[in-house]
Amino acid sequence: MSTPQAGDPAFFAELAPDAVLHASILATPVAGAEAVRGAIRRIAGFYSGMTVDFHGAAGARQLLQYHAGLGDDSVVIHAMVVMTRDAANAITAVEIGYYPLAAARLLANLYQEPR
């Protein structure tokens with residue numbers, strides 16, 4: 001298990017070991033809790049700030065809608081996150097859709113650049 005980092009979202013502690021991340025900026029899913037945490041940390045690292053617009057639940061799904069600045073805040077990206085929980089209440093899937101398209105493409109390109 002990874003060491004929690006400052007700024008980590010609370011749900012990181014609730015990820016199932018075999019959790020999967022699907023995101024519109026990723027070419028393929030990311031599998032495993034550690035890999036999911038790493039991918040989300042990398043994505044959030046490109047944000048200059050983030051504002052939650054909605055947080056709620058529908059059955060076994062937790063919903064989060066937010067917007068964030070990219071880089072110098074000249075580009076704003078919006079995201080809709082759906083987290084699915086299993087019978088033990090662990091998060092097994094995180095799905096993130098990003099928009100508008102230009103901002104999503106920018107984030108995808110930033111993510112794909114070598115570290």
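So how do TYR99, TYR66 line up by other beta-carbon neighbours within 10 Å, fewest first?
Numbers: TYR99 13, TYR66 17.
Result, fewest neighbours first: TYR99, TYR66.
Kindly rank 50-63, 30-43 from highest to lowest mean number of other beta carbons found within 10 Å of each residue.
Numbers: 50-63: 11.2, 30-43: 17.4.
Ranked from most to least packed, the peptides come out as 30-43, 50-63.
Using helices alone, I'd like the mean residue ellipticity at 222 nm for the chain: each DSSP H run of four-plus residues gives -39500 (n - 2.57), total over residue count, nearest 500.
On the way: 2 runs with 24 residues, N = 115.
Rounded to the nearest 500, the figure is -6500 deg cm²/dmol.
Volume per residue, Å³, of the convex hull around the alpha-carbon atoms of the chain? Mind dumping the intermediate values first?
Numbers: hull volume 12.2 nm³, N = 115.
Residue-normalised Cα hull volume stands at 106 Å³.
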Nothing charged except the Cβ atoms of Lys and Arg (+1) and of Asp and Glu (-1): what's the magnitude of the dipole of the chain about its Cα centre? Round to the nearest 20 debye. 100
Cα axis of helix 101-112 to longest principal axis of the chain: angle in degrees, 0 to 90, nearest 10? 70
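Values in this text are rule-based calculations from the coordinates and carry no lab data. Because the structure is predicted, anything quoted here is derived from the model rather than measured. Note that each Cβ is placed from the backbone with ideal geometry, even for glycine, and that neighbours are counted across all protein chains shown.
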